[in-house]
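Below is one structure, written out as structure tokens, with a few remarks after it.
Values quoted throughout were computed directly from the atomic coordinates according to the rules given, and no laboratory measurement underlies them. The shown structure was predicted, so the numbers you read here are calculated from the model rather than taken from an experiment. Cβ coordinates were reconstructed from backbone atoms using ideal geometry, including for glycine residues, and neighbour counts include every protein chain displayed.
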Amino acid sequence: RRSKKCSSIRWCLADACRLPFPDDCFDAVLSGYLVRNVIDVMAAFREQMRVVKPGGRVVCLETCPPEPGLKGFAVKIYTSFVIPMVGRIISGDTSAYRYLHESTGCFMEPDRLALVIGQSGLDHLFFRRFMLGTQAVHVAQKRKNFLL
């Protein structure tokens, strides 16, 4: 926060469903590990759509429930036991890492999240899973002729 390179950034703590910004004010909205932690995912995406300019992008990075099969089983073991243990060793806190596993397991699959993004009014362009399928990045765009 003290870097001269970032001197034009204004930090703000706000409700993801009620952002304190005017309509159509950002070229892009980026979120990381946000929507898994809000009560109303659709409202959060509608709010992101409100503040992004027409033609602007909304990019969402989120964790994914493990995929079925052997790889998914291995990921489930890793996230439920290994990550909390390493978290306890490094930070002394296992609860945050247990929450990560539990909230990810309860969250929607990327294809379902893509539907929600589309239902919010954004044009969902694509998503891509990575890190053994445990993460997904979604890219959407506000229509250029969109009127609020």
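Cβ crowding within 10 Å, taken as a proxy for footprinting-reagent exposure, orders 75, 59, 35 from fewest neighbours to most as 59, 75, 35.
3J(HN,Hα) along region 20-34, derived from phi through the Karplus expression 6.51 cos²θ - 1.76 cosθ + 1.60 where θ = phi - 60°, amounts to x, 10, x, 4, 6, 10, 10, 6, 8, 10, 10, 9, x, 6, 9 Hz, with x in place of Gly and Pro. Note on the chain: helix-only mean residue ellipticity at 222 nm, from DSSP H runs of 4+ residues weighted -39500 (n - 2.57) and normalised by residue number, equals -10000 deg cm²/dmol.
With axes computed from alpha carbons, what is the tilt in degrees of helix 110-119 against the longest principal axis of the chain, rounded to the nearest 10 within 0 to 90? Taking the Cα atoms of the chain, the angle to 110-119 is about 20 degrees.
Here's how it looks for residue 29: its modeled amide H is under 5 Å from those of 57, 58, 59, which are all 5 or more places away or on a different chain. Computed from point charges on the beta carbon alone (+1 for Lys and Arg, -1 for Asp and Glu), the dipole magnitude for region 1-84 about its Cα centre is near 460 Debye. Considering only 99, 78, 9, and ranking their Cα positions along the charge dipole of the chain that arises from unit charges at the beta-carbon of Lys, Arg, Asp and Glu, the one farthest toward the positive end is 9.
Cα axis of helix 41-51 to longest principal axis of the chain: angle in degrees, 0 to 90, nearest 10? Taking the Cα atoms of the chain, the angle to 41-51 is about 40 degrees. Whole-Hz Karplus values for region 123-128 come out as 8, 6, 8, 5, 9, 9 Hz, taken residue by residue from phi with 6.51 cos²θ - 1.76 cosθ + 1.60 and θ = phi - 60°; glycine and proline positions read x. GNM on the chain, alpha-carbon springs under 10 angstrom: the most fluctuating residue among 94, 63, 79 is 94. Taking θ as phi - 60° and the Karplus parameters 6.51, -1.76 and 1.60, the scalar couplings of region 63-77 work out to 6, 10, x, x, 6, x, x, 5, 4, x, 5, 5, 5, 4, 4 Hz in sequence order, x denoting glycine and proline.
Taking the Cα centre of the chain as origin and assigning +1 to Lys and Arg Cβ atoms and -1 to Asp and Glu Cβ atoms, the resulting dipole is close to 560 debye.
When the Gaussian network model of the chain links Cα atoms closer than 10 Å, the mean-square fluctuations of 66, 20, 110 top out at 20.
In plain terms, the residue of 25, 64, 106 with the fewest other Cβ atoms within 10 Å comes first and the most crowded comes last, giving 106, 25, 64. Size descriptors for the chain (Cα atoms only): Rg and Dmax, in that order, 17.2, 52 Å. Please report the antiparallel percentage of DSSP beta bridges with both residues in the chain, rounded to the nearest 5. The antiparallel fraction comes to roughly 70 percent. Candidate cross-link partners of residue 53 among the aspartates and glutamates, defined by an alpha-carbon separation under 14 Å and a same-chain spacing of 8 or more, comprise 23, 24, 27, 123.
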